[in-house]
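Q: Pasting a structure below so you can have a look.
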Ligand code: PLP
């Protein structure tokens, strides 16, 4: 019996795979491993949200719902997303999903036909964009985000983007604040992208805004706010990161034309999002917001700390993260110092020798090593200040030994 090529070749998210390896090592007694792997808040879901879910369960709200989600949540989400971005979103245009992630594959499905068209996606970037594009038989076109020479900011080169767009381009995927580099694009640059996109009749934008509330440098702007852009932008949101609700699996996509396709896709894959979690989600977006503010402030504080500590490590260089909870470190020099051929080898050394778990750039960039710019590792700083101090302290000591 054979499995299909596409199933065999399907990529995944290595934060989960390496995470499993680290969990196994911990179970075997390596309990001192400090993990900077997964982008998941280390906070508990706020109490009022949990109570809303319990109440829903007690009231018997446990059956299937409409595939697009309950109307009460679509209404609350439309207001939450619209108010934050200063645009008007019709509740009928919002579809609730099992997290934000399904809308990546759903969008590619809804705007391309198999083996036709191209999708432009960021590198380094969230790996699912690439995997879903390839799995659905579409050509991925990689749009790099580069470090400026002085390590002050990331460069998204609009002239380079111009060269990558052609009449076959169906979708441009944007993600600011960005995973894995933590960049937030300035409003003027986003406007330039919007102006470019508007020149093409059949070019959609998937704007992955799951970190929209997590900005600690610069200002968040959604590309959907520019005139003419809302109708061709799929605004993707999630409660995973902003409300410490990763396991609840609630996310949203807003787009007038694609809402009915998303509803059908939900119906095909999931029937509907988790019913009690939808009631909890209403409380999340409409209830008191102090808890989420506190969490976001704490990520901002950790960003300062980890950035400072990382830049003190010999061979490490990084740009200050502006959003999300990731630090992307250029370790080209560090690899040379320790004799590692690439960042993956350095990653393994850090795990094997000093019990510090990070992810290497190969997990975020499908290009072969000689086509990538330098060597990088990613830290998720969704972990305590104590772990950040201890983990980066260990790495500093390790690197000072070379
Ligand atoms: N988009 C980006 C850029 C992410 O980093 C993640 C999670 O790490 C997701 C989407 C998916 O989040 P969820 O499906 O939990 O909403």
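Q: Going by the structure shown, is residue 171 over 24 Å from residue 243 (Cα atoms) and either more than 16 Å from the ligand (Cβ to nearest atom) or surrounded by fewer than 18 Cβ atoms within 10 Å (Cβ to Cβ) (or both)?
A: So residue 171 fails the test.
Q: Scan 168, 179 and give me the residue that is touching a strand residue (DSSP E or B) at 6+ places or on another chain (Cβ under 8 Å) and touching a residue at least 60 places away in the same chain (Cβ under 8 Å).
A: Answer to the selection: 179.
Q: Can you tell me which residue in region 20-38 is nearest to residue 387 (Cα to Cα), limited to those that are out of contact with any strand residue (DSSP E or B) (no Cβ under 9 Å at 6 or more places or on another chain) and assigned to a loop (DSSP other than H, G, I, E, B)?
A: Here the answer is 32.
Q: Here is a further query. Output the residues belonging to region 256-281 that are under 28 Å from residue 45 (Cα atoms) and part of a loop (DSSP other than H, G, I, E, B).
A: Of everything in region 256-281, those that are under 28 Å from residue 45 (Cα atoms) and part of a loop (DSSP other than H, G, I, E, B) turn out to be 270, 271, 272, 273, 274.
Q: Further question on the same structure: Looking only at residues that are on the phi > 0 side of the Ramachandran plot and free of Cβ contacts under 8 Å to residues at least 40 places away in the same chain in region 20-76, which one is farthest from the ligand (Cβ to nearest atom)?
A: Among them, the one singled out is 29.
Q: If you don't mind, there's one more thing I want to ask. Within region 216-253, how many residues are touching a residue at least 40 places away in the same chain (Cβ under 8 Å), more than 14 Å from the ligand (Cβ to nearest atom) and either within 14 Å of the chain's Cα centre (by Cα) or in a strand (DSSP E or B) (or both)?
A: 0
Q: Can you name the number of the only condition in (1) at pLDDT 95 or above; (2) out of contact with any strand residue (DSSP E or B) (no Cβ under 7 Å at 6 or more places or on another chain); (3) buried (at least 17 other Cβ atoms within 10 Å of the Cβ) that residue 68 fails?
A: Status for residue 68: all satisfied but (2).
Q: Taking residue 213 and the conditions (1) in contact (Cβ under 8 Å) with a residue 60 or more places away in the chain; (2) within 15 Å of the ligand (Cβ to nearest atom); (3) under 24 Å from residue 168 (Cα atoms), which numbered condition does it fall short on, given that it satisfies the others?
A: The one condition residue 213 does not meet is (3).
Q: Still on this structure, I have one more. Starting from residues that are near the ligand (Cβ under 10 Å from one of its atoms) and assigned to a loop (DSSP other than H, G, I, E, B), keep the ones in region 175-210 and report whichever is surrounded by the most Cβ atoms within 10 Å (Cβ to Cβ).
A: 176
Q: Hey, could you check region 2-19 for residues that are in contact (Cβ under 8 Å) with a residue 40 or more places away in the chain and part of a loop (DSSP other than H, G, I, E, B) and say which is nearest to the ligand (Cβ to nearest atom)?
A: 13
Q: Which one of 277, 281, 253, 300 is surrounded by fewer than 24 Cβ atoms within 10 Å (Cβ to Cβ) and in contact with a helix residue (DSSP H, G or I) (Cβ under 6 Å, 6 or more places away or on another chain)? First the steps, then the outcome.
A: Working: 281 fails: surrounded by fewer than 24 Cβ atoms within 10 Å (Cβ to Cβ); 253 fails: surrounded by fewer than 24 Cβ atoms within 10 Å (Cβ to Cβ); 300 fails: in contact with a helix residue (DSSP H, G or I) (Cβ under 6 Å, 6 or more places away or on another chain).
Result: 277 is the single residue among 277, 281, 253, 300 that is surrounded by fewer than 24 Cβ atoms within 10 Å (Cβ to Cβ) and in contact with a helix residue (DSSP H, G or I) (Cβ under 6 Å, 6 or more places away or on another chain).
Q: So, in region 77-104, exactly how many residues are away from the ligand (no atom under 16 Å from the Cβ) and in contact with a helix residue (DSSP H, G or I) (Cβ under 9 Å, 6 or more places away or on another chain)?
A: 11
The values are calculated or read from the model by the stated rules, or taken from the named source; none is laboratory data. All of these numbers come straight from a predicted model, not from anything done at the bench. Note that each Cβ is placed from the backbone with ideal geometry, even for glycine, and that neighbours are counted across all protein chains shown.
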